[in-house]
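S.K.: Please see the structure below; I have some questions.
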Amino acid sequence: MTSSTESRSDSAGATPANPTGPSASFVVVANRLPVERVSGDGDDEWRMSPGGLVTALEPVLRQKHGVWIGWHGVPGEHLEPFEASGIPVVPVPLSGHEVTDYYEGMSNATLWPLYHDSVAFPEYHREWWDAYRRINRRFAQQAAAVAAEGAVVWVQDYQLQLVPRMLRELRPDLRIGFFLHIPFPPEELFQQLPWRREILEGIAGADLVGFQVAKDAHNFVRLLRQMLRYQTHRDRFVTPDRRTGRAQAYPISIDVNAFEELSNSPEVVSRAAEIRRDLGAKNILFGVDRLDYTKGLRQRIQAVGELFSEGRLDPAETVFLQLATPSRERVEEYKRLRDDIELQIGRINGSMGTIARSPITYLHTSVSKQELTAMYRAADVLIVTPLRDGMNLVAKEYPACKTDGSGALVLSEFAGAAEELRQAYIVNPYDINGMKETILRAVGDPPATKRRRMRGLRKQVTSHDIHAWADAFLRDLDAIRRPVAPNHGDEAAAG
Ligand code: ADQ
């Protein structure tokens, strides 16, 4: 593998890499490659980093000689295509300026807040949009260069919404899927977007568009009808070139077996007991999130803090463990959030803690999957309170790890997961009093009630895992009949 660091800004990666010709029959296109660099003697090596999406797609990638296209995470560094743990990956280079405009700007300071109910103010900058369009084209060109004739290409998430259409223009023979991991906004919010038509047309370039929940798929189809005047029928839409596409919900999940196995391992069982001993509390409340303003951390800490200060939770017997993963630390809104919640927690611990203990144990760090599983196992109540969330995998990981059937899940009605996890203690995170009452109920309900609810949660999660999610999407994408006619325009019909 060779690499070079360069100072060119906007021309980075203009020539798509195509070392072996267009030979991949399955291509995943995502903003990030699922790899991490491990330093060895002399040369660096890369290995696949464990994550839900890669776990789901790895078997398909291996079976179909697939390729993963994405940015490897280092601004300004050019890498040749290489293999990570036996999977071919094609790095797409991004310059420092491009990371600022396309990723931190348009993706994370415009689209991310807008698509999450505008819980933070979305910023609109034309130069961010120009960069977004340019980088989406780069990803599309790269996919066009490696995909074999008639290949399946699966484009992931909000950073790459223009890729399906751009790719279709380059390669009408391909079968293109798109999955949005975050919510799709309601019409009133989507209309703010100065580039709304281009985004809709971009996504509609796919044969199959997947969303986390059915409501979002309906929103999307309605917008195609109202804004672009496409013909639609239920989950189907017809583009001006008479191609039929579909938009449907595919709720994402987790690798349930892997979590269960890990949770039952002797190391995790003993680590969970150690965590309980170290925290020294009868009740452990637990929260774990990326440090993101969509996750409802301020409201959660407020609610738990008030329960402590009103004496309804006793710091002598209850502790709230909050783990927050550092995230998007260069974006202004995220810096503010961190300052806010650390101030909040400091005040609560300062006024209600003793020399022996603090009501809130706060860790601003990422932990290994093994350590996280031990924390889930140790926790009596998991509190998940996003103001808006596409799905929320934490809410599914907890029941998977509670193999002994104990525990209680407090879950926001605004997480996609709430549609499936009906046995959770459902809360509205904007309603602090309601949330306080529900947290107390989750702590104090009789063990038999909690076991019954946890049984329901485990049944749901174990019967809908990440493999079922990927299989369902790819099966439906395969079922869309598209005659291969690369040189005769796009005359596809839907099956
Ligand atoms: P995220 O917003 O990142 O995902 P989530 O679904 O909860 O949110 O996934 C977070 C993942 O990170 C979980 O697997 C969790 O275990 C892990 N994690 C969190 N904090 C951690 C820590 N401190 N240490 C180690 N691991 C930690 C986006 C969307 C979601 C959607 C997913 C998948 O915003 O709505 O569910 O994609 O589609």
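S.K.: Where in region 343-367 is the amide nitrogen less than 15 Å from a point lying 7 Å along the Cα-to-Cβ axis of Ala316?
M.R.: 353-359
S.K.: What percentage of the solvent-accessible surface of the chain, computed with a 1.4 Å probe over protein heavy atoms, is contributed by carbon and sulfur atoms?
M.R.: Working: 9700 of 20320 Å².
That fraction is 48 percent.
S.K.: Put a dot 7 Å past each Cα toward the Cβ at Glu329 and Ser351; how far apart are the dots in nm?
M.R.: With each label placed 7 Å out from Cα toward Cβ, I get 3.0 nm.
S.K.: What are the ³J(HN,Hα) values, in whole Hz, obtained from phi via the Karplus relation 6.51 cos²θ - 1.76 cosθ + 1.60 with θ = phi - 60°, for each residue of region 320-326 in sequence order, with x given for Gly and Pro?
M.R.: 10, 9, 10, 9, 10, 7, x
S.K.: Here's another thing I want to ask about it. Give me Rg/Rg_expected for the chain, where Rg uses Cα atoms only and Rg_expected = 2.2 N^0.38 Å with N residues.
M.R.: Details: Rg = 23.3 Å, N = 495, 2.2 N^0.38 = 23.2 Å.
The chain yields a ratio of 1.00.
S.K.: Right, next: Could you please state, rounded to a whole Å, how far the C-alpha centre of region 72-117 is from the C-alpha centre of region 161-205?
M.R.: First find each Cα centre; the distance between them is then 18 Å.
S.K.: Equivalent ellipsoid semi-axes for region 24-249, as square roots of 5 times the alpha carbon gyration tensor eigenvalues: give them largest first, rounded to whole Å.
M.R.: Details: eigenvalues 169, 89, 46 Å².
Semi-axis lengths for region 24-249 are 29, 21, 15 Å.
S.K.: To continue, here is another question. Can you tell me the dipole magnitude for the chain around its Cα centre, using point charges on the Cβ only (Lys, Arg +1; Asp, Glu -1), in Debye to the nearest 20? If you can, show how the numbers build up before the last one.
M.R.: On the way: 60 positive and 65 negative charges, 300 e Å.
In debye, rounded to 20, the chain gives about 1440.
S.K.: Continuing with this model, one more query. With both bridge residues required to lie in the chain, what share of the DSSP beta bridges run antiparallel, to the nearest 5%? Working shown, then result.
M.R.: Numbers: 17 of 64 bridges.
The antiparallel fraction comes to roughly 25 percent.
S.K.: On to the next question. What is the magnitude of the charge dipole of region 24-249 about its Cα centre, with +1 placed on the Cβ of each Lys and Arg, -1 on the Cβ of each Asp and Glu, and no other charges, expressed in debye to the nearest 20? Show your work: numbers first, answer last.
M.R.: Details: 25 positive and 28 negative charges, 265 e Å.
For region 24-249, the charge dipole is close to 1280 debye.
S.K.: What would the Debye equation give as log₁₀ I(q)/I(0) for region 127-174 at q = 0.23, 0.30, 0.31 Å⁻¹, counting only Cα atoms as equal point scatterers?
M.R.: Taken in order of the listed q values, log10 I(q)/I(0) reads -0.76, -1.16, -1.21.
S.K.: With no solvent and one point per C-alpha, what does the Debye sum give as log10 I(q)/I(0) for region 256-463 at q = 0.09, 0.14 Å⁻¹?
M.R.: Results for region 256-463 at q = 0.09, 0.14 Å⁻¹ read -0.31, -0.79.
S.K.: Expressed in nm to one decimal, what extension gain is obtained for the pair Arg126 and Asp445 from 0.36 nm per residue of sequence separation less their Cα-Cα distance? The partial results should precede the final answer.
M.R.: Details: separation 319, 0.36 × 319 = 114.84 nm, distance 5.30 nm.
Full extension of this stretch gives 109.5 nm more.
S.K.: Would you tally the net charge around Thr462, using a Cβ to Cβ cut-off of less than 13 Å, leaving Thr462 out, and scoring K and R as +1, D and E as -1? Display every interim value, and only then the final one.
M.R.: Details: positive: Lys396, Lys402, Arg455, Arg458, Lys459; negative: Asp255, Glu260, Glu261, Glu397, Glu420, Asp465.
Charge balance in the 13 Å sphere: -1.
S.K.: Quick check for you: with a 1.4 Å probe and neighbouring chains kept, what is the accessible area per residue of the chain, in Å²? Display every interim value, and only then the final one.
M.R.: Numbers: 20320 Å² over 495 residues.
Using a 1.4 Å probe on heavy atoms only, each residue of the chain averages 41 Å².
The values are calculated or read from the model by the stated rules, or taken from the named source; none is laboratory data. Please read these numbers as outputs of a predicted model, since none were measured by experiment. Note that we place each Cβ from the backbone using ideal geometry, even for glycine, and neighbour counts take in every protein chain shown. Please note that ligands, DNA and RNA were not included when accessible areas were found on the heavy atoms of the full protein model with its side chains. Shrake-Rupley method; radii C 1.70, N 1.55, O 1.52, S 1.80 Å.
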